[in-house]
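The values are calculated or read from the model by the stated rules, or taken from the named source; none is laboratory data. Predicted model, so just to flag it, every value in this text is computed and none were measured. Cβ sites come from the backbone with ideal geometry, for glycine too, and all protein chains shown count toward neighbours. Protein only, heavy atoms only, side chains kept; ligands, DNA and RNA dropped before computing areas. Shrake-Rupley method; radii C 1.70, N 1.55, O 1.52, S 1.80 Å.
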Amino acid sequence: MPDWLVNQPLGVFGGTFDPVHYGHLRLAEEAADRLGLAGIRWIPAGQPALRGVPQVTAGQRLAMVRLATAENHRFAVDAAEVEAAQPSYTVTTLERLRQADQCGPQRPLVLLVGADAFAGLPGWYRWHSLFDLAHLAVAHRPGFAIDAAQLPAALAACYRERLCTSPSTLSESPSGRIVTFAMTQLAISATQIRRLLASGGSVRYLLPDTVIAYIQDQHLYPEY
């Protein structure tokens, strides 16, 4: 990474990616542009803590993310959670990144989440500690800004306290703030893709051709 990028905020994008699709890719791309991020570190979960066991292996999900992100120089894939072979928690992932050479304790980290995931934050392991380790950037649909009144009380209070309106403020501290951004609305879900694949439907234009080819070669998602 060039020296001039070292102190720019780094985006962190974790998830099951079962499979990765254009909705994920567009969120990461727009976050990098709108928030002034040096890049995005994609971190597939090895054993997701908040959902059932994925239908495909962690190694296969990792391979699909690598294929999907290969041509974007701002994207990098972190395999550590897959290789750890233990439940993945966002807070421990961020703690690990803080110990890495390219991150350290002072570099701004920006955790990317969708609006639905953000609303469920109080159910995450040690969720209050997330703000000691990173900023949070919440993606929402155009015209549907985050409404604090619709959030759980503890999260609403946190949101009001930490919200900042200018993405440039993310560079001023390593962690602790919340920003929101509207992203292009793409009605694509991994659940939808898995159902289409299981029924023999076309998933073209929902995810990259390289990922589709991998799914076909590996005979993934035969039933759902």
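For the reader, a short list of remarks on this structure follows.
- Ordered by 1.4 Å accessible area with all protein chains kept, 41, 61 run largest first as 41, 61.
- Computed magnitude of the charge dipole of the range 1-116 (debye, nearest 20; Cβ of K, R +1, Cβ of D, E -1): 80
- The range 80-203: relative contact order as a whole-number percent, Cα under 8 Å and 6+ apart: 27
- Base-10 log of normalised Debye intensity for the range 18-141 (one unit scatterer per alpha-carbon) at q = 0.15, 0.20, 0.21 Å⁻¹: -0.72, -1.43, -1.61
- Kirkwood hydrodynamic radius of the range 128-202, from inverse mean 1/r over distinct Cα pairs, in Å: 14.7
- Net charge dipole, the chain: roughly 320 debye, given to the nearest 20, about the Cα centre with Cβ charges of +1 for Lys and Arg and -1 for Asp and Glu.
- Ordered by solvent-accessible area of protein heavy atoms (1.4 Å probe), largest first, the residues 144, 17 come out as 144, 17.
- Cβ charges +1 (Lys, Arg) and -1 (Asp, Glu), total dipole of the range 165-224, debye: 160
- Long-range tail of P(r) for the range 88-151 (Cα pairs > 16 Å, %): 49
- Residue among 212, 43, 188 with the largest mean-square fluctuation in a Gaussian network model of the chain, springs linking Cα atoms under 10 Å: 188
- With coordinates expressed along the principal axes, the C-alpha atoms belonging to the chain extend over 48, 41, 31 Å, beginning with the largest.
- By a 1.4 Å probe calculation restricted to protein chains, residue 89 has an accessible surface near 80 Å², given to the nearest 10.
- Residue among 67, 10, 164 farthest towards the positive dipole end of the chain, charges placed on Cβ: 164
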